Each structure stands twice: as C-alpha cells, then as structure tokens.
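What follows is a short report on a single structure.
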Amino acid sequence: MLLEKVIKEYLLECQLQNFTEKTRKGYRNNLELFARYLQEYQQITELEEVTLSSVKEFVVWQDSKGRKPTYINGQMKTLRAFFTFCQNEGYDYVNMKKIAWKKEQKVKIKTFRPSDVKKLLGYFTGVDFINIRNKTILYTLFETGVRCQELCDIVPEDIKENYILIKNGKNHKERVVPLSPVLYKQLVKYIRCREKYIDCKRHDSQLFLSFHYRQLTVGAVEKMIAGAGKELGICDVRISPHTCRHFFAQQCVRNGMDIYSLSRLLGHENISITQRYLQDLTDEDIVLKAVDKSVIMSIK
C-alpha cells in the first residue's frame, strides 16, 4: 500500500477526531517530510517497506541537519501516532516504542516581573473599543492563565457568576477558570463597550472581536501584546500570551496554591507539564511560601 495514501487516510481520521487545525498541520508537515525522506534516501514508497531501521536512519539524518532534540521528538510523536493508527487499522506498522526519545536540554522558563505586568495592564488607557478590548484581553490572560486560542474562543455565554467556562481546551477538554472581582469588573466594562460597538451589525459570536466584527485570531493577540511590550521597553523576556500564562502559574504558587489545583486550572494532562512552568521560581519564593504555610502553625 502506498505510504502517501495511508498518510492521507490518517490525516482524514485526525479531522474526524476533531483535532485542531494547528495539530493537523503539524502532523501533515511531519509525515510529508518523513515520506519525502524515505523516497529520496531509501527509495521507499510502500508502507510495507518501512522498518524500524528506516525510522532510526531518519532520526540520524535529522541529527545531521542540526535539528534540535525537541524538534526531532515532535516528529517522533507524530510517527508514534501514525503507526498506532496503522496498527489499529490492521496495516503494517513500526513499533515506535523501541526507539528512545532524544534527550532534551531543560530550558528554564523566564516570565514577567510584577513590574512588567503592571506596565502592560496600564498601557491601554483609551476609552475606545480597541483600547478597552486590549486591556480586557490582558486582564483575562493574567487573571485566568488561559491559552491564547482558548481566549479567542470564549463567547459571552461562557462567562458565569464566578467562573469562565472553557469549552474548547486542548484535547477538547472542558474546564472552568475562576472569575475574580477585578476581572469581572473589567469584563462588564468591555461587554458594555462591545454591545455599543456592534450595534446590530453582523458579527461573530465570540467575546473578543476584531475591528471588523470578526473573531479575534491568535496572531492578532500575539501581535498586540508584542507591540505593547516593545513600546514599554520590556526586552529581557518573551512578550507573548503564553508568557502571561507562565506568570499566572508562578503567581498562583507564590500565593499558596497547590500544584494539583494549578494543573487543573491550566488544563494540563499531568503535573509534570505544570512543573516546567515553575522552574523560574527562586529559592526565596519557595522559602517565603513555606514559612507562610508552616505545618505546626496549621495544626488546630
């Protein structure tokens, strides 16, 4: 069976399983690269011809191209999913569990300082729709730790009395995030402004809209935050929505939240992912939190 046809079949299955467009695009790019490599370097076009050695040689080839371990592991993750599909469908497959993951260098995640956050929150001071919208977006990111795509997918009906319902989380998992009084106040202000702005015009249903009444995109939010950070002179940290998420996670721990509760709020599958968000916490942060949460003092 042609490998190209099986790849198309798998990508169709990904679409039927409601994988996000971003995930499907990543899988498609990785599998097409793998197929081109096999055809060019090993003269393999049939699925039945692919062996464990073929995959290992592909990994070695990627190493020779100077690809980072994180990049190669991403491709291997795609191949694992693909060959699992092949196994389930009764096709020939490669047991990817026999290939070890590349050892990745642990990167310390650096996040905003509290002073950076205060600057960002105070940057948009106008009373027009765009300024109020941008300010509300920053408040939402810092107060809830939601992913950028999750933020863009929120509709007004998702905002409840004391929480926000996140219906389109990663891996299609639904969860809730707390709605603090300070965020609620800002959202009320924005929603009032939004209703006046749309004024019976045709518009998308999402909470955060573009100037043209369409759903705001991830790229637009990233560009907005990066632009504000540049204007403010914040240059020693990545200015992005995901850095807002990192700050939220670390600040929650500083405020005494346990890692299991934090992991649920962030929508992580396991706490090992959450732990990576906390690597930038200093010993002083941990000591102060431990003093505040004395075991003996908590005994009643």
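The values are calculated or read from the model by the stated rules, or taken from the named source; none is laboratory data. No experiment lies behind these values; they were computed from the predicted model shown. As a convention, Cβ positions derive from the backbone with ideal geometry for all residues, glycine included, and neighbour counts pool all protein chains shown. Note: accessible area is taken over every heavy atom of the protein model, side chains too, but ligands, DNA and RNA are not part of it. Shrake-Rupley method; radii C 1.70, N 1.55, O 1.52, S 1.80 Å.
Return the residues of segment 101-159 that are assigned to a helix (DSSP H, G or I), among the hydroxyl-bearing types (Ser, Thr, Tyr) and under 17 Å from the mean Cα position of the chain (by Cα); say none if nothing qualifies.
THR140, THR144
Collect the residues in segment 21-53 that are more than 18 Å from ARG80 (Cα to Cα), of a type in the set (S, T, N, Q) and open to solvent by less than 80 Å² (accessible area, probe 1.4 Å), keeping them in residue-number order.
Within segment 21-53, GLN42, THR45 meet the criteria.
For segment 30-79, how many residues meet the condition of being in a loop (DSSP other than H, G, I, E, B) and in contact with a helix residue (DSSP H, G or I) (Cβ under 8 Å, 6 or more places away or on another chain)?
The number of residues fulfilling the criteria is 4.
With the requirement that a residue be of a type in the set (Ser, Thr, Tyr) and in contact with a strand residue (DSSP E or B) (Cβ under 7 Å, 6 or more places away or on another chain), what does segment 140-172 give you?
Passing the criteria: THR144, TYR163.
Determine which single condition LEU11 fails, assuming it passes every other condition in (1) open to solvent by 50 Å² or more (accessible area, probe 1.4 Å); (2) touching a helix residue (DSSP H, G or I) at 6+ places or on another chain (Cβ under 8 Å); (3) under 29 Å from LYS173 (Cβ atoms).
(1)
List every residue pair whose Cβ atoms sit under 8 Å apart, with the two residues 6 or more apart in sequence or on different chains, where the first one lies in segment 236-262 and is in contact (Cβ under 8 Å) with a residue 12 or more places away in the chain and closer than 24 Å to ALA226 by Cα and the second, anywhere, is open to solvent by less than 10 Å² (accessible area, probe 1.4 Å) and of a type in the set (D, E, K, R).
Going by the 8 Å Cβ cut-off, the qualifying pairs are VAL237/ASP116.
Of the numbered conditions (1) under 17 Å from LYS102 (Cβ atoms); (2) under 19 Å from the mean Cα position of the chain (by Cα); (3) not charged (D, E, K, R), PHE19 satisfies every one except a single condition; which is it?
Result: PHE19 passes all but (1).
Of all residues in segment 193-206, which are of a type outside the set (A, V, I, L, M) and more than 29 Å from the chain's Cα centre (by Cα)?
Passing the criteria: GLU195, LYS196, TYR197, ASP199, CYS200, LYS201, ARG202.
Of all residues in segment 86-111, which are within 25 Å of VAL237 (Cα to Cα), surrounded by 10 or more Cβ atoms within 10 Å (Cβ to Cβ) and out of contact with any Ser or Thr (no Cβ under 6 Å at 6 or more places or on another chain)?
Within segment 86-111, ILE109, LYS110 meet the criteria.
Out of all the residues in segment 273-283, which are touching a helix residue (DSSP H, G or I) at 6+ places or on another chain (Cβ under 9 Å) and either in a helix (DSSP H, G or I) or open to solvent by 70 Å² or more (accessible area, probe 1.4 Å) (or both)?
ILE273, THR274, GLN275, TYR277
If you check every pair at least six apart or on different chains, which have Cβ atoms under 8 Å apart with a residue in segment 53-75 that is touching a residue at least 24 places away in the same chain (Cβ under 8 Å) first and a residue that is in a helix (DSSP H, G or I) and open to solvent by 50 Å² or more (accessible area, probe 1.4 Å) second?
TRP61/TYR41; ILE72/ASP63
Considering only residues that are free of Cβ contacts under 8 Å to residues at least 60 places away in the same chain, over 17 Å from SER263 (Cα atoms) and of a type outside the set (D, E, K, R), which ones fall in segment 141-167?
ILE154, VAL155, PRO156, ILE159, ASN162 - these are the residues of segment 141-167 that are free of Cβ contacts under 8 Å to residues at least 60 places away in the same chain, over 17 Å from SER263 (Cα atoms) and of a type outside the set (D, E, K, R).
Provide a single number: the residues in segment 256-275 that are in contact with a Lys or Arg (Cβ under 9 Å, 6 or more places away or on another chain) and modelled with pLDDT of 85 or more.
So the count comes out to 5.
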